[in-house]
Structures are given as structure tokens and as C-alpha cells.
Amino acid sequence: MTVCEDVGVADLGAIFKAYDVRGLVPSQLDEPLAHDIGAAFAAEVIDEAAYPAVVVGYDMRPSSPGLAAAFADGVRDCGVKVIMVGLASTDLLYFASGRLDLPGAMVTASHNPAEYNGIKVCRAGAVALSEETGLGAMRSRVAAGMLPYVPAEQRASLEVRDLLTPYAAYLHELVPVKGRRLKIVVDAGNGMAGHTAPAVLGPLEAEVVELYFELDGTFPNHEANPLDPANLVDVQAAVLREKADVGLAFDGDADRCFVLDELGNAVSPSALTALIAVRELESEPGAHIIHNLITSRAVPEIVSRHGGVPVRTKVGHSLIKATMASTNAVFGGEHSGHFYFRDFWYADSGMLAALHLLAALAASDQPVSELVRDYDPYVASGEINVTVADSVAAVEAISAGLDAPGSDVTADRLDGLTLTGPAWRLNVRTSNTEPLLRLNVEADTEAEMVCVRDSALSLLSDAGQY
């Protein structure tokens, strides 16, 4: 073993997040550090099983090829072969990990701005690693320099393999799209959907209007973060201009998909969760469906109404994947636009979610706005991100203000704080990836939602928390 120099625990703590590695390039994450992280990952998978190889992919950011090559070198220097799949969406990497039954790593910073990059890692079968299930051990190995390098003559090989075509074929196998011809506007945001969408959507009986399919990790048109309404302006305009049936917007690594109806209005990810859940329950009656606690309360209501078993979980992909596996759930959805499928190794795939929506739409004579209407009965604030000085004090300020003794409000602490009133529900929780407090409010009416939302923000302001 060799000891890597000048790596501090505090520095690593800034980039090793709850579910991945992510930071500024090159000040926080550079190629030498990526090399050591690759070696630490190899050590982690060597310790648990003698896997013959690790599969590695990367996104379109300028720093990604170099970081991926350095990570791969770290793996190979530990005597473990690397299969390099090259440019990939995160769900293509999960496909590779699942299909080949190998651990995997994806170099990407997802929806973060251009100056960031990161590494998502998984065990064989696309099983996610989190702080508690491997990332923490990797961080400790890098910090201590305890990396199991082998002699040069035992350095493992590198194989380059293209899996885009089998990835697209597998998605079509899972969700065939048949029926009327659709006109689809797709905004790739200069991200990896520009690489995968032609392979997946090209064979469909559809007209695809492409926006920003050129791979460019500097994001010259807008950030590849469709959770921000400002980044949906172009796709909304294109849907109206083209008189399209539907719009799709993907984030940078294309593992999240957001839908716009024929009027250019954003479809709630909770509504898409409910729609896909109903489709999956038609194929497997009585199945378990996972939803995190910030999805609309319509999701468990609709799942129950259609004979399924709703299971609530905390926010976070590794938690959802683990819960899906333990309950054999057929599908899971997050309000952030992540959608998980048992037949996709319990992993999330924005493109597979998009195919479900397109299949439902093509088989119907309804427009998207009518197709999802029954799945979206409540009024939501959308996620409000607030920078606070003390997240614990901020949450308690909201609790004290809205959950007064003797009130008809119920509270639980599964993930942050969830308060439920007679006609509304509020969740406030600390972000797992950013120094923010995330607030979501849902109510029976617009007036009730605005009242609760503004009351919560006022409580934060009065407490001096933002």
C-alpha cells in the first residue's frame, strides 16, 4: 500500500456528500484526487467480492474525460480491470452496472453549474453507495492513504465498450410505445440527453424537435437543471411554437426528466409518479409503490385506490433503492424528478419515465393536460430553497409557529419536519447536497397554500434565519 500525501480529512469532507462525490474543479476535485478515489473504490469492492472489473462512464463536462481516466487509472493500479463505456447518461451507467453485474462509477455533477464535477458510484447491479454504505469508508481510505496498489506488472487492463444501442433496446423492451404519432419537443440542455435521446426516441413513430442536443458542459444556453422554472422557458416556447403534444426536459446527466403539457405548463413530478404507478399496477396488481415524503399526498391516495401498497420513505436515491429492494416494489418516484424501476435494477432513469409518459399519451386520444389532471388534484408551492444560519433552529421556528398546542395539526420527523393540517401539508428539510433548507407546501386550494407558505417564510424571517 502507498500513502497519498497532502490529503486532509476536512478537505475531503467538503466533497464527499451523502450520496456522491461533488465539488469545484480543480480547487476541490482534480485528477490526482480522482485517481485516489478510484483506488479507494477498487479497495471497497475488492473487500466485499472479487469482481472482475469496474465499469466507468462520464458526462460532457470539459473536465469529465480527464477525471474519468484518472479514476480508471486508480482502479487499474489496484489490479482491477476497467470497462470504459465513455460518454453516458447516469442511467446508461446504471444499465451497464446491472447488465454486466459489475460495480460502476459515473463522472458527473448532474445539474450543478459548469465549474463543478463529481463521481457517483454503485456496487454491482446498480446498488447505490451512500455515506453509511461505502462512501464514508472510501473517504477514510483516501484520507489515510491506505490504497491497495499492486506492482506495475499486475496493473489491470482497460477495455472500451459502447453500450448505447443495447441500453436503448432494453428501454424499448420494458416500455413499448404504440399508438398515435406524437410531436415531442426535447430540451437536452446541452447535457447527456443529447447523446441518449436520439438512440431512444429516434426509433419511435414520432417527430422529435431537438433543443440544445450539442454536448457542451459549459451550458451556453441555460443550466441543465429543469427543477428551476427559468430553465424551462425555451422548451415551453418551443412546445407552443411547434404545436407539440408534449415537451421533455432533462438535467445534465439525464437521470431526471421533467414533462410539459401541450400548453407549455410543467407537469408535477408527483403527477407523473402517480401516472407511472397506475401503469405499473395494471401489470402487477397489488404491488408496492415507493414515494418519498415530499411527493403529493395524491400519490399514496391514488396508489391505494388502484389496489397498490404505498410505502413512504425519506428523500434520497440510496434510501429509495434500498427500500424498493426490501419490499420488492415495482416502482418508486421522487418529487425531484427521479423515477426508479424494479426492472431497471431498482435504479432511476429519466428516459424510462419519459417512455412511460409517451406510451400512455400515444395510446390515448387525450392531451397531456387532461391525461394527468386526475393525478394532480392539489395546489403545490413547488420547492422553495432558503439559505439559513441554523437549520435546526429554522425547523423548530416553523414547528413552534404552525404546530401550536391544541391545534389540529399533526407532525412527524421522518425526514426533517412534516406538518399536516386539515387542508394542507408542509415539509421542511435540510438538503443532502447543498447548504439549504427545502420547503414544500401543498393544500386543497391556492389561497390555503399561499397562507401556509407565507406563514412559514415569515416565521423564518422573524427568527432571523434568512
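The values are calculated or read from the model by the stated rules, or taken from the named source; none is laboratory data. This one's a predicted model, so the numbers in the text were calculated from it and none came from an experiment. Positions of Cβ are backbone-derived with ideal geometry, glycine not excepted, and every protein chain shown enters the neighbour counts. Heads up: the accessible areas ignore ligands, DNA and RNA and are worked out on the full protein's heavy atoms, side chains in. Shrake-Rupley method; radii C 1.70, N 1.55, O 1.52, S 1.80 Å.
Beta bridges from DSSP with both residues in segment 178-267: antiparallel share about 40 percent, rounded to the nearest 5. Take the Cα of E446, step 7 Å toward its Cβ, do the same at S461, and the gap between the two points is 2.1 nm.
Dividing the convex hull volume of the alpha carbon atoms of segment 86-196 by its residue count gives 156 Å³ per residue. Other residues with beta-carbon under 10 Å from the beta-carbon of E207 carry, at +1 per Lys or Arg and -1 per Asp or Glu, a net charge of -1.
Backbone phi angles across segment 222-228, fed through the Karplus curve with coefficients 6.51, -1.76 and 1.60 (θ = phi - 60°), yield HN-Hα couplings of 6, 4, 8, 9, x, 5, 8 Hz in residue order; Gly and Pro are listed as x.
Placing unit charges on the Cβ atoms only, positive for Lys and Arg and negative for Asp and Glu, gives segment 66-206 a dipole magnitude near 280 debye about its Cα centre. Reported to the nearest whole Å, the Cα centre-to-centre distance from segment 314-339 to segment 197-254 is 25.
Based on the Cβ-Cβ distance of L414 and I46, what FRET efficiency does E = 1/(1 + (r/R0)^6) give at R0 = 35 Å, to the nearest 0.05? Mind showing how you got there, number by number?
Values: r = 36 Å, r/R0 = 1.01.
Between L414 and I46 the formula returns 0.50.
Would you kindly give the portion of the calculated P(r) for segment 128-251 that falls above 20 Å, as a percent of all Cα pairs? That fraction is 62 percent. Other residues with beta-carbon under 9 Å from the beta-carbon of N427 carry, at +1 per Lys or Arg and -1 per Asp or Glu, a net charge of +1. From its DSSP helices (H runs of at least four residues, each -39,500 (n - 2.57)), the chain gives a residue-normalised ellipticity at 222 nm of -11000 deg cm²/dmol. Only lysine pairs 8 or more places apart, or on different chains, with alpha-carbon atoms under 25 angstrom apart are counted in the chain, and they number 8.
For segment 54-113 versus segment 271-289, the spacing of their alpha-carbon centroids is 32 Å. Of the trypsin sites (Lys or Arg not before Pro) found in segment 197-257, those that fall in a DSSP loop while having at most 10 other beta-carbon atoms within 10 Å are K243.
Here segment 226-325 is treated as a sphere whose radius is the Kirkwood value from Cα pairs; by Stokes-Einstein at 10 °C and 1.306 mPa s it diffuses with a coefficient of 107 µm²/s. Couplings 3J(HN,Hα) for segment 385-397, derived from phi with the Karplus relation 6.51 cos²θ - 1.76 cosθ + 1.60 (θ = phi - 60°), are 9, 10, 7, 10, 6, 9, 5, 5, 5, 5, 5, 5, 5 Hz, where x marks Gly and Pro. Here the Karplus relation 6.51 cos²θ - 1.76 cosθ + 1.60, evaluated at θ = phi - 60°, turns the backbone of segment 187-196 into coupling constants of 9, 7, x, 6, x, 6, 5, x, 8, 8 Hz, with x for every Gly and Pro. Using all pairs of distinct alpha-carbon atoms, the Kirkwood hydrodynamic radius of segment 1-143 works out to 14.5 angstrom. If you add up the charges near P285, with Lys and Arg at +1 and Asp and Glu at -1, over every other residue whose beta carbon is less than 13 angstrom from its beta carbon, what do you get? Result for the neighbourhood of P285: -1. Is the shape of the chain best called rounded, prolate or oblate, per the rule: a/c under 1.5 gives rounded, else a/b larger than b/c gives prolate, else oblate, with a ≥ b ≥ c the square roots of the Cα gyration tensor eigenvalues? Judged from the Cα gyration tensor, the chain comes out oblate (a/c at least 1.5, b/c at or above a/b).
Note on V233 and N385: the extension gain reaches 52.7 nm, defined as 0.36 nm multiplied by sequence separation minus the Cα-Cα distance.
Can you tell me the convex hull volume per residue for segment 14-97, based on C-alpha atoms, in Å³ to the nearest whole number? Mind showing how you got there, number by number?
On the way: hull volume 8.0 nm³, N = 84.
Normalising the Cα hull of segment 14-97 by residue number yields 95 Å³.
The length gained by stretching the chain between V209 and K243 to full extension, at 0.36 nm per residue less their Cα-Cα distance, is 11.2 nm.
Would you rank R141, R438, R305 by solvent-accessible area, highest first, keeping every protein chain in place and using a 1.4 Å probe?
Values: R141 50, R438 25, R305 160 Å².
These residues rank, largest area first, as R305, R141, R438.
Ordered from largest to smallest accessible area (heavy atoms of protein chains, 1.4 Å probe), the residues C451, C122 come out as C451, C122.
Summing Cβ point charges (Lys, Arg +1; Asp, Glu -1) relative to the Cα centre of the chain gives a dipole of roughly 800 debye.
Taking every DSSP bridge with both residues inside segment 287-361, close to 40 percent are antiparallel. Beta-bridge orientation, the chain: approximately 60 percent antiparallel, per DSSP, counting only bridges with both partners inside.
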